[in-house]
Amino acid sequence: MIVYLNGDYLPSEKALIPVEERASNFGDGIYEVASFAGGRFFAFDEHMDRLRYSAREIQLKLPEDPAVYAKVAERLWGENNLGDYGTVYIQVTRGAAPRMHAFPANGTRPTVYLTTKPGKYVPDEDRAQGRPAITHPDLRWGRCDIKSLNLLPNVLAKQAAAEAGAQDCILVRDGIAIEGASSNFFAVLGGTLVTHPRGPHILGGITRQHVLRLAEAMGIPVREEPIPVEAVWKADELFFCGTTTEVMPITKIDGKIAGGGRRGPIADKLQTALHKEMWGK
Ligand SMILES: Cc1ncc(COP(=O)(O)O)c(C=O)c1O
């Protein structure tokens, strides 16, 4: 696999990062994941806007305008001959420097790398079955709107989900169902599509924005407000959404049937519309 590291295209085994890299010492960096479908990267510009936002919020000066990563991603996709579906991963860190918590000396070059990965697209018949989820305490920090490399709470939550045979967790903070460990969370409550408002407790998901826009265009009532955990049990439909998750119904929570136990009509319509936009057909 060819990867991109600080301006070079290299076989992955030759792409080496110093041990004193701030990503590994402190998780001092940011990332993005965009999907490739139907011959192009989907919503790439929006991912680069979020990368700029994350960089600004952690005072990381990007070494170039991330718009240039579109060409890098396309070149990697072609050189690796990856077929029609998968993802690109983009990571930018504050670079390599002697270990000290405060920012490294001026002039320390940020580390930028991109990798591409082929994926197995989930067939719609399978997606329609939905997935189980679990509830899990949200142990993350106070700036979940930044797509930072500090993912240990997400790792532990996803592992708990995997051990329970679940797709993802509904992270719960102060009695509120916040989002998934790698996705946003939606409930249909009395015919209205509800999701947690943007702010420091959730990642402003790009798929979330598309889902909200598509729902509004379809005339589905939408509210962005906190969802108490008790309300989750009364929901007509529940789903996670994200770049690789797309619109994934939740049919069980903590082993009990939830969200009607099937993909409901709203999740169905939203997934169909999202798929069409992603694949252009
Ligand atoms: C915590 C979290 N929330 C939401 C999302 C969904 O965001 P997006 O739709 O931009 O992929 C992700 C994606 O990785 C995530 O990690």
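Taking the highest mean first, how do the peptides 72-81, 185-194 order by number of other beta carbon atoms within 10 angstrom per residue?
185-194, 72-81
Students often check this: by mean Cβ neighbours within 10 Å, which of 219-227, 172-180 ranks highest, and how do the rest follow?
The most tightly packed comes first, giving 172-180, 219-227.
Kindly identify region 24-90 as rounded, prolate or oblate by the Cα gyration tensor criterion: order the square roots of the eigenvalues as a ≥ b ≥ c, call it rounded if a/c is under 1.5, otherwise compare a/b with b/c, prolate if a/b is larger, else oblate.
Judged from the Cα gyration tensor, region 24-90 comes out prolate (a/c at least 1.5, a/b above b/c).
Take the solvent-accessible surface of the protein heavy atoms, probe 1.4 Å, and return the percent of it on the chain that carbon and sulfur atoms account for.
About 55 percent, which is the carbon plus sulfur part of the accessible surface.
Determine ³J(HN,Hα), in whole Hz, for all residues of region 248-253 in sequence, where each value follows from phi through the Karplus function 6.51 cos²θ - 1.76 cosθ + 1.60 and θ = phi - 60°; x replaces Gly and Pro.
In residue order, the calculated couplings are 10, x, 9, 10, 8, 10 Hz.
Charges on Cβ only, +1 for Lys and Arg, -1 for Asp and Glu, centred on the Cα centroid of region 48-168; of Thr115, Gly95, Ala55, which one is farthest towards the dipole's positive end?
Final value for the positive-end residue is Gly95.
Counting pairs of alpha carbon atoms under 8 Å apart in space and at least six apart in sequence, what relative contact order in percent does the chain give?
So the answer I get is 17 percent.
If we restrict to alpha carbons, what Rg and Dmax does region 2-118 come to, in Å?
14.3, 45
Only Lys, Arg, Asp and Glu count, each charged at its Cβ (+1, +1, -1, -1), so figure out the dipole size of region 160-281 about its Cα centre, rounded to 20 debye.
300 debye
I'd like to check one number: the per residue accessible area of the chain, probe 1.4 Å, reported in Å² as a whole number.
46 Å²
Return the FRET efficiency for the residue pair Arg75, Glu216: r is the Cβ-Cβ distance, R0 is 41 Å, and the value is rounded to the nearest 0.05.
0.70
Could you tell me the relative contact order of region 1-107? Use alpha-carbon pairs under 8 Å, at least six residues apart, and round to a whole percent.
That works out to 39 percent.
Extending each Cα 7 Å along its Cβ direction at Glu277 and Glu46, get the distance between those two points in nm, one decimal.
Result: 0.5 nm between the two label points.
5 Å is the cut-off here: which amide hydrogens, built 1.01 Å from N in the peptide plane, fall below it relative to Glu179, excluding neighbours closer than 5 in sequence?
Result for Glu179 returns Leu171.
Would you mind checking the pairs Lys14/Lys281; Lys158/Lys256; Lys158/Lys269; Lys71/Lys281; Lys117/Lys234 and listing those with alpha carbons more than 29 angstrom apart?
Violating the 29 Å Cα-Cα cut-off are Lys14/Lys281; Lys117/Lys234.
With a cut-off of 8 Å between alpha carbons and a minimum separation of six or more residues, what is the relative contact order of region 124-279 in percent?
26 percent
Find which of Ala273, Ala166, Ala217 sits farthest along the positive direction of the dipole of the chain, computed with +1 on the beta-carbon of Lys and Arg, -1 on that of Asp and Glu, about the Cα centre.
My answer, from the dipole projection, is Ala166.
So if I place +1 on the C-beta of Lys and Arg and -1 on the C-beta of Asp and Glu, and nothing else carries charge, what would the dipole magnitude of region 221-281 be about its Cα centre? I want it in debye, nearest 20.
About 280 debye.
Mind putting a number on the dipole of the chain about its Cα centre? Charges go on the C-beta only, +1 for Lys and Arg and -1 for Asp and Glu, and I need it in Debye to the nearest 20.
140 debye
Sequence-distant or interchain residues sharing an amide H contact under 5 Å with Ala235, placed H: which?
Gly259
With N set to the residue count of region 124-279, report its C-alpha Rg divided by 2.2 N^0.38 Å to two decimal places.
So the Cα radius of gyration is 0.94 times the expected 2.2 N^0.38 Å.
Checking the a/c ratio against 1.5 first, then a/b against b/c, what shape does the Cα gyration tensor give for region 181-271?
Rounded, because the longest to shortest axis ratio a/c is under 1.5.
No solvent, one uniform scatterer per C-alpha: report log10 I(q)/I(0) for the chain via the Debye equation at q = 0.15 1/Å, two decimals.
These q points yield log10 I(q)/I(0) values of -1.17.
Share of antiparallel DSSP beta bridges in region 124-279, in percent to the nearest 5?
Counting only bridges with both partners in region 124-279, antiparallel ones make up about 65 percent.
What is the set of long-range amide H partners of Val222 at a cut-off below 5 Å, with H atoms built 1.01 Å from backbone N?
Leu193
The values are calculated or read from the model by the stated rules, or taken from the named source; none is laboratory data. This structure is a prediction, so every number in the text was calculated from the model and none was measured. Quick reminder, even Gly has a Cβ in these numbers, built from the backbone with ideal geometry, and neighbours come from all protein chains shown. Accessible surface is based on the protein model in full, side chains and every heavy atom, while ligands, DNA and RNA are left aside. Shrake-Rupley method; radii C 1.70, N 1.55, O 1.52, S 1.80 Å.
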